[in-house]
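Here the structure is laid out as structure tokens; the discussion comes afterwards.
The values are calculated or read from the model by the stated rules, or taken from the named source; none is laboratory data. None of these values were measured; they are calculated from a predicted model. Virtual Cβ from ideal backbone geometry, glycine too; neighbours counted across all protein chains shown.
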Amino acid sequence: MGAKGLKYVAVDAGKAKARVGADKKAYTALCKKLSKEYLAGPQPMQNGTSTSVPMAQVLYTFPYKNRVEGQSPDAETLDGARIIESFEERGGGMHNCMTGCIVKCSNVVHDAEGNYKTSALEFETITLLGANCAIQSWEDVADLDRLCDEVGLDTIETGAALAVYMDSGGMEFGDAEGAKRILREIAEGTELGKMIGNGALATGKKRGHHRIPTVRGQSIPAWDPRPLKATGVTYLTSAQGADHTAGLVVNPGMEFADMPEASQNSQMINAIVDASGFCMFLMVNAEQVREFYSAYFDEEFSRERFYDMGWQILEDEWEFNKRAGWRREDDVMPKCMEDDKIGPQEVCFDVPHDVVQKAYEKVGSKDSFWETGAVG
Ligand code: SF4
């Protein structure tokens, strides 16, 4: 697609009606119940992901300067709370990025003159284009986010590539204007622009740099596999490589022995949520999705049948990778995740390969799976 200049494919639903369940009454009742319960609860996503910065900082998963540290000295000026504060004077606010969504976790960001700047400015973008590049201000990150949208770039991959370039001496850490100039060069197709546009791995190889934080060619997102080792197990065993949306596990200090099951459960529920059309930020669990399936198709989906459907998704994805040439020996973290220790406890990714490989072994339908909520 990229080689042909194709950026995206849009399908116009036209006058197509919203989906209704085969058991319309039961399906509608479930929709109402879920909405009511969510709106009556704490609504954890009401300010969006950008306000996760303080929590990430505490957990040492707010990487700084190409991940040589797990905390940033700029957490205060990068915190999404500053974005929320800007709404009053500048306008913008929280909205739903899909019609009908009750979560409304997507922000609309305005500039100092009150003009639209970008949407949505997420935690991952603030981390990779901000903290990881030592760029201090959320407003500069908003400019970079907008440029990524215009050029058609992923903000995680682009932020990681810029940080590798900075770390290898190509430019100073914290040079926000330089970073914006490079993003424009990607659109212009200069040599530098092509290198950064091809991502962190391509940039690291071309620069001959030793610190390239990627798994299977994909840049590691904000959630760091050193304090969050079970998330690292996901990065190594999910078909997508270093993808936090494939199965995030925010449980620092977990024992090695518990990691494969935690990662597998999270990979399963996220695959199920993706396949069913829920947004993961509604944070439903497998039991809730199972109930929706039963009403939608008007047939009973037993726990065993539903679990097996979820497992089939993972197996199909692994098979795809196998046919694409990936091998189990490729399930390795980049050396910098083992060498660069972070935080007072000097954590690194040290989960043994045989423990990681257990994530491929079917655990089966257990309570721990049914209680796991989608998260990303
Ligand atoms: S919950 Fe999902 S669909 Fe709703 S606003 Fe957030 S990202 Fe968009």
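Of note:
- Note on the stretch 279-300: residues that are crowded, with 18+ Cβ neighbours inside 10 Å, among the hydrophobic types (A, V, I, L, M, F, W, C) and within 20 Å of Leu39 (Cβ to Cβ) total 7.
- The selection criterion, being without any contact (Cβ under 8 Å) to a residue 40 or more places away in the chain and surrounded by 24 or more Cβ atoms within 10 Å (Cβ to Cβ), holds for Ala242.
- Exactly one residue out of Ala134, Ala176, Ala161 is in contact with a Phe, Trp or Tyr (Cβ under 8 Å, 6 or more places away or on another chain), in the same structural domain as Gly217 (by TED's automatic domain parsing) and more than 22 Å from Asn47 (Cα to Cα): that is Ala134.
- Yes/no for Cys148 being surrounded by 23 or more Cβ atoms within 10 Å (Cβ to Cβ) and more than 16 Å from the ligand (Cβ to nearest atom): no
- Of the residues making up the stretch 335-357, those that are closer than 18 Å to Gly241 by Cα and in a loop (DSSP other than H, G, I, E, B) are Phe349, Asp350, Val351, Pro352.
- For Leu121, the test of being of a type in the set (A, V, I, L, M, F, W, C), in contact with a strand residue (DSSP E or B) (Cβ under 7 Å, 6 or more places away or on another chain) and more than 9 Å from the ligand (Cβ to nearest atom) is passed.
- Within the stretch 124-141, the only residue that satisfies the criterion of being part of a loop (DSSP other than H, G, I, E, B) and either touching a strand residue (DSSP E or B) at 6+ places or on another chain (Cβ under 7 Å) or over 22 Å from Ile156 (Cα atoms) (or both) is Ala134.
- Taking the stretch 50-68 as the range and being part of a loop (DSSP other than H, G, I, E, B) and either within 16 Å of the ligand (Cβ to nearest atom) or buried (at least 23 other Cβ atoms within 10 Å of the Cβ) (or both) as the test, the residues that pass are Thr61, Phe62, Pro63, Asn66, Arg67.
- In the set (1) β-branched (Val, Ile, Thr); (2) outside any loop (DSSP other than H, G, I, E, B); (3) crowded, with 20+ Cβ neighbours inside 10 Å, the condition left unmet by Val108 is number (3).
- Residue satisfying condition, being assigned to a helix (DSSP H, G or I) and free of Cβ contacts under 8 Å to residues at least 40 places away in the same chain, within set Val289, Val273, Val233, Val249: Val289
- Residue selected from the stretch 86-104 under the condition assigned to a loop (DSSP other than H, G, I, E, B) and more than 19 Å from the chain's Cα centre (by Cα), by the criterion nearest to the ligand (Cβ to nearest atom): Cys101
- Residue list for the stretch 160-169, filter: in a loop (DSSP other than H, G, I, E, B) and either within 21 Å of Pro221 (Cα to Cα) or not small (Gly, Ala, Ser) (or both): Ser168
- Residue count for the stretch 151-181, restricted to those that are buried (at least 22 other Cβ atoms within 10 Å of the Cβ) and of a type in the set (A, V, I, L, M, F, W, C): 8
- Matching residues in the stretch 231-263 - criterion: being over 17 Å from the mean Cα position of the chain (by Cα) and at negative phi: Pro252, Met254, Glu255, Phe256, Ala257, Asp258, Met259, Pro260, Glu261, Ala262
- Filtered residues of the stretch 11-49 (kept if surrounded by 10 or more Cβ atoms within 10 Å (Cβ to Cβ), away from the ligand (no atom under 14 Å from the Cβ) and not basic (Lys, Arg)): Val20, Gly21, Ala22, Asp23, Ala26, Tyr27, Thr28, Ala29, Leu30, Cys31, Glu37
- If you check Asn107, Asn132 for being within 16 Å of the ligand (Cβ to nearest atom) and closer than 19 Å to Pro221 by Cβ, only one passes: Asn107.
- Selected residue [part of a loop (DSSP other than H, G, I, E, B) and among the acidic types (Asp, Glu)] from Glu157, Glu172: Glu172
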